[in-house]
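In what follows, a structure is listed as structure tokens, so that the remarks can point back to it.
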Amino acid sequence: MAASRGPPLLGFRALALALLLAILLLLGCSAPAAYAGAEGVLRQVVGRRGDDGGGGNFFEPFNVTYDHRAVLIGGKRRMLVSAGLHYPRATSEMWPSLIAKCKEGGADVIETYVFWNGHEPAKGQYYFEERFDLVKFAKLVAAEGLFLFLRIGPYACAEWNFGGFPVWLRDIPGIEFRTDNEPFKAEMQTFVTKIVTLMKEEKLYSWQGGPIILQQIENEYGNIQGNYGQAGKRYMQWAAQMAIGLDTGIPWVMCRQTDAPEEIIDTCNAFYCDGFKPNSYNKPTIWTEDWDGWYADWGGALPHRSAEDSAFAVARFYQRGGSLQNYYMYFGGTNFARTAGGPLQITSYDYDAPIDEYGILRQPKWGHLKDLHTAIKLCEPALIAVDGSPQYIKLGSMQEAHVYSTGEVHTNGSMAGNAQICSAFLANIDEHKYASVWIFGKSYSLPPWSVSILPDCENVAFNTARNLGLPVVQVDISLVSSHLHLEVRISQVLGGLPKRLLGILEHLNVTKDISDYLWYTTRVNISDADIAFWSSKGVLPSLTIDKIRDVARVFVNGKLAGSQVGHWVSLKQPIQLVEGLNELTLLSEIVGLQNYGAFLEKDGAGFRGQVTLTGLSDGDVDLTNSLWTYQVGLKGEFSMIYAPEKQGCAGWSRMQDSTMFSTPKGTDPVAIDLGSMGKGQAWVNGHLIGRYWSLVAPESGCSSSCYYPGAYNERKYHIPREWLKESDNLLVLFEETGGDPSLISLEAHYAKTVCSRISENYYPPLSAWSHLSSGRASVNAATPELRLQCDDGHVISEITFASYGTPSGGCLNFSKGNCHASSTLDLVTEACVGNTKCAISVSNDVFGDPCRGVLKDLAVEAKCSPPSTTKEPRGEM
């Protein structure tokens, strides 16, 4: 055997095709708009500092403490709604709009992890620019009058590469992560201190007039603490005391840490946390991660959680004594570059969140939860007034009520005329049956698996299962560009300088995670006896590897023999060898480093165990300790041929000619459809969008280990408008397996159709509710409202269906019933067309009564378009 001269090209005429596509795009840029809504501001903004950080305080300085019931802001208990928004998963230009949409949706707090490997990519070298400008992000949160929950960790998990740990950390001699290990504790303390010091220097803590009210040390350590025995217990206690010793002046939390010290609030992470209680009566009940969706893996199904179930979980949390709940995620965003975690997690981190990956409101989830938050805020005076437990009333075998009030409430009688502050939550936890319950002198109908919220202990303001009054957005994105005309050019893929070493080295020890790719090459001498043996037996030899992760490709004499995908799975590949020297090349590919679990520093990447050539005439040959040539990455990575300024020296080989092409106009988010391609990475104007991989999800939905059903095919990838120029944009793809680049297209991402249906006996709109000077909630008599809303920058251009009476069907499938008010279409058109949103009263006073004595619904379907295609806006009805 002898060392090779280097890895082969990826077989341009074989299955492993290496394409680098240079595509010149003609695109515009945008400035998204938002309208004002429910604010959830808890302290008065007294002086707004600009994005550059200049100027006075954001808030009057205030203290943050807590008691057994709630977090105290300036000495007052508050019921807080928090929105998870990870700053590196959006561009900094997107942050203001995203934060504003969180606020409009009813959030009081923005929550984020701090990403260690983003801020300290090399030991002692810190980075706080662009998407990692944490200070700018915090100041934008404050400028909207919102608070910030900073989860410093510094372990994040978060489906982020290596759980947020920098890869250089594992190279420190003697280090063991997340245990009583001095090298690890020293590095952890250095980074946490760095973040805390920076926040203090920028005056971002609440007592300095800043937005930060809570912070977290470690993350879900209780899940793995047992793996470390007593060393894990000592480490947890050390982390808590280290954090407290930083003197931040605000509370620290530990999530999923049932043995957290008395000075640290232990909190809940789960789909449902209404049954959770902290480990001490002196601590409030906090839900740090309300999983309103889930992440996705390549080739897996896209998880989905309904708006109704999310609302049910949140309502139950506050009903049963919760005080602060954080949506994980409220905006998920994108795993740009190589930040996606592992194993095998996709570039999108959409998470089925109320704001989608592109920054667009996901309806009806966003709107339904906004109404929930409004209803909870109406109950806040009653919720914070109860010092002990609320009144509990058993209403049925699976029905119950919790009543919060300033005094004892006689629940058998009417609350009409009662002046005390009182709010009630009525729950039906039966998953299948409606229930009628009697309380406050009247009957209430409860749908299955729902909570009705009564801010005044009399009138229902909101039910978690009744989602009829909100726009249902067609899950159909308008495609406003044709397929791109491409200029396809090829460059060689040789990586960095080769190194020759004995044995199979662990992937990360060689690459240091600067690339997904590592080439292993050796040579094998095959005798004429071997050839004769295989011919006589009618078999082929095989290459076996005990364990591989995430992708391994086998090349023989420059041609692809086969591949294997999986997380520490075995590989057995039949190969075709010739007499004499044969060049054997293994390509190890990482698709996100492990982000969760114990002993992360030992997980590694690449190959484990023996590499063996089987089926030779004289028996198997162990190649594990042979002389191997190692090369890291791709030539294009090291020469940066994805950058516009490097095109002159890229060494392209032209495959075909092309013409220029037009691209989406306007301000809508831009997506690129790479469904016609195979697997690789994509750059736009030098920015690495992320990995792409066209795997088809199972039609049957998730496997048994997945929580929600639904099929998914990851093929569209977000290109932030901020990364695009008005013209001459450069797209470069590294394609591993081949595809049809002529079918790549750009798309403008926006909701094209909105629709809604609501009954005349629905609840009054939440805008009819208010607080009296006493703090008691009060509602004015009002008819129900049907509401429609298009995305930012779009207006209702056409009403495609409208019927007041007995319409049937659902969105995109409405039809008129026997009862129909003929004026409906004209009246709805007059009220809505030309507006971004509209609200229509659902009553006979508006439409007349087309069928007396019959319960009537209003159903409407509308198209959304850019404003230039519509008529002038009219007023609401």
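One residue stands out in the stretch 515-528 among those that are under 30 Å from SER639 (Cβ atoms) and open to solvent by less than 10 Å² (accessible area, probe 1.4 Å): the one that is farthest from the chain's Cα centre (by Cα), namely THR522. There is no residue in the stretch 131-142 that is in contact with an Asp or Glu (Cβ under 7 Å, 6 or more places away or on another chain), more than 28 Å from GLY209 (Cβ to Cβ), in the same structural domain as ASP247 (by the TED database) and among the aliphatic types (A, V, I, L, M). Just checking, does the stretch 813-833 include any residue being in contact (Cβ under 8 Å) with a residue 40 or more places away in the chain, assigned by the TED database to the domain that holds ASP845, on the phi > 0 side of the Ramachandran plot and not charged (D, E, K, R)? Within the stretch 813-833, none of the residues are in contact (Cβ under 8 Å) with a residue 40 or more places away in the chain, assigned by the TED database to the domain that holds ASP845, on the phi > 0 side of the Ramachandran plot and not charged (D, E, K, R).
Are any of the residues in the stretch 304-315 under 23 Å from ILE73 (Cβ atoms) and over 17 Å from the mean Cα position of the chain (by Cα)? Within the stretch 304-315 (the criterion being under 23 Å from ILE73 (Cβ atoms) and over 17 Å from the mean Cα position of the chain (by Cα)), the answer is yes, since at least one residue qualifies. When restricted to residues that are over 27 Å from the mean Cα position of the chain (by Cα), touching a residue at least 24 places away in the same chain (Cβ under 8 Å) and assigned to a loop (DSSP other than H, G, I, E, B), the stretch 242-259 contains 5.
The set of residues in the stretch 201-225 being part of a helix (DSSP H, G or I) and of a type in the set (Asp, Glu) consists of GLU201 alone. The set of residues in the stretch 509-549 that are of a type in the set (A, V, I, L, M), closer than 20 Å to GLY592 by Cα and in contact with a helix residue (DSSP H, G or I) (Cβ under 9 Å, 6 or more places away or on another chain) comprises ILE514, LEU518. With the condition kept exactly as written, say whether any residue in the stretch 310-321 is of a type outside the set (A, V, I, L, M, F, W, C), over 30 Å from ALA385 (Cα atoms) and either open to solvent by 10 Å² or more (accessible area, probe 1.4 Å) or not in a loop (DSSP other than H, G, I, E, B) (or both). Within the stretch 310-321, not a single residue is of a type outside the set (A, V, I, L, M, F, W, C), over 30 Å from ALA385 (Cα atoms) and either open to solvent by 10 Å² or more (accessible area, probe 1.4 Å) or not in a loop (DSSP other than H, G, I, E, B) (or both).
Scanning the stretch 582-592 turns up no residue that is open to solvent by 50 Å² or more (accessible area, probe 1.4 Å) and touching a residue at least 12 places away in the same chain (Cβ under 8 Å). Considering ALA768, ALA748, ALA781, the condition of being open to solvent by 40 Å² or more (accessible area, probe 1.4 Å) and of a type in the set (A, V, I, L, M) is satisfied by ALA781 alone.
In the stretch 264-284, the residues that are outside the structural domain of GLY153 (by the TED database) form no Cβ pair under 6 Å with any partner that is of a type in the set (Lys, Arg) and surrounded by fewer than 15 Cβ atoms within 10 Å (Cβ to Cβ), whether six or more places apart or across chains. Considered as a group, the residues in the stretch 529-548 that are of a type outside the set (Asp, Glu) and assigned to a helix (DSSP H, G or I) include one that is most open to solvent (accessible area, probe 1.4 Å), and that residue is LYS537. A single member of GLY558, GLY538, GLY562 is among the small types (Gly, Ala, Ser) and farther than 30 Å from ALA650 by Cα, and it is GLY538. If you go through the stretch 569-591 and keep only what is under 19 Å from THR629 (Cβ atoms), over 41 Å from the mean Cα position of the chain (by Cα) and of a type in the set (Asp, Glu), you end up with just GLU583. Tell me whether the stretch 330-337 contains one or more residues that are aliphatic (A, V, I, L, M), at positive phi and in contact with a strand residue (DSSP E or B) (Cβ under 7 Å, 6 or more places away or on another chain). The answer is yes; a qualifying residue exists.
For the stretch 517-557, a residue qualifies if it is among the charged types (D, E, K, R) and free of Cβ contacts under 8 Å to residues at least 60 places away in the same chain, and the qualifying residues are ASP528, LYS537. Does THR193 fit the bill of being within 21 Å of ILE250 (Cβ to Cβ), free of Cβ contacts under 8 Å to residues at least 40 places away in the same chain and out of contact with any Gly (no Cβ under 8 Å at 6 or more places or on another chain)? For THR193, the condition - within 21 Å of ILE250 (Cβ to Cβ), free of Cβ contacts under 8 Å to residues at least 40 places away in the same chain and out of contact with any Gly (no Cβ under 8 Å at 6 or more places or on another chain) - is not met.
Checking the structure you have, find out if any residue of the stretch 177-190 is assigned to a loop (DSSP other than H, G, I, E, B), more than 22 Å from MET254 (Cα to Cα) and open to solvent by 30 Å² or more (accessible area, probe 1.4 Å). No, that holds for no residue. Check the stretch 726-736 and report whether any residue there is at pLDDT 90 or above and open to solvent by 20 Å² or more (accessible area, probe 1.4 Å). No, every residue in the stretch 726-736 fails to be at pLDDT 90 or above and open to solvent by 20 Å² or more (accessible area, probe 1.4 Å). Taking the criterion of being of a type in the set (S, T, N, Q) and out of contact with any Pro (no Cβ under 6 Å at 6 or more places or on another chain), the residues of the stretch 76-131 that qualify are SER82, SER92, THR112, GLN125. Looking across the stretch 422-459 at every residue that is polar (S, T, N, Q) and open to solvent by less than 10 Å² (accessible area, probe 1.4 Å), the one that is farthest from TYR392 (Cα to Cα) is identified as SER450. For the stretch 404-413, the tally of residues that are farther than 26 Å from GLU431 by Cβ, among the polar types (S, T, N, Q) and assigned to a loop (DSSP other than H, G, I, E, B) stands at 2. Here PHE162 clears all of (1) among the aromatic types (Phe, Trp, Tyr); (2) crowded, with 22+ Cβ neighbours inside 10 Å; (3) part of a loop (DSSP other than H, G, I, E, B) except the condition numbered (3). For the stretch 113-121, the criterion of being surrounded by 18 or more Cβ atoms within 10 Å (Cβ to Cβ), outside the structural domain of ASP792 (by the TED database), touching a residue at least 12 places away in the same chain (Cβ under 8 Å) and within 30 Å of PRO381 (Cβ to Cβ) is satisfied by no residue at all.
Once the stretch 404-456 is narrowed to residues that are among the polar types (S, T, N, Q) and farther than 25 Å from SER773 by Cα, the residue that is modelled with the lowest pLDDT is ASN412. As a summary of the residue check, PRO7 satisfies the conditions (1) part of a loop (DSSP other than H, G, I, E, B); (2) at pLDDT below 95; (3) surrounded by fewer than 21 Cβ atoms within 10 Å (Cβ to Cβ) except for the one numbered (3).
With respect to TYR127, is the statement that it is over 20 Å from the mean Cα position of the chain (by Cα), of a type in the set (Ser, Thr, Tyr) and not in a helix (DSSP H, G or I) true?
yes
Only one of PRO343, PRO364, PRO303, PRO278 is of a type outside the set (Gly, Ala, Ser) and modelled with pLDDT of 95 or more. Can you tell me which? Result: PRO278 is the single residue among PRO343, PRO364, PRO303, PRO278 that is of a type outside the set (Gly, Ala, Ser) and modelled with pLDDT of 95 or more. Residues in the stretch 389-403 include none that are in a loop (DSSP other than H, G, I, E, B) and open to solvent by less than 10 Å² (accessible area, probe 1.4 Å).
The values are calculated or read from the model by the stated rules, or taken from the named source; none is laboratory data. Only a predicted model underlies this, so the values are computations on that prediction, with no experimental measurement involved. Glycine also receives a Cβ, built like all others from the backbone with ideal geometry; neighbour counts cover every protein chain displayed. Heavy atoms of the whole protein, side chains included, go into the accessibility calculation; ligands, DNA and RNA do not. Shrake-Rupley method; radii C 1.70, N 1.55, O 1.52, S 1.80 Å.
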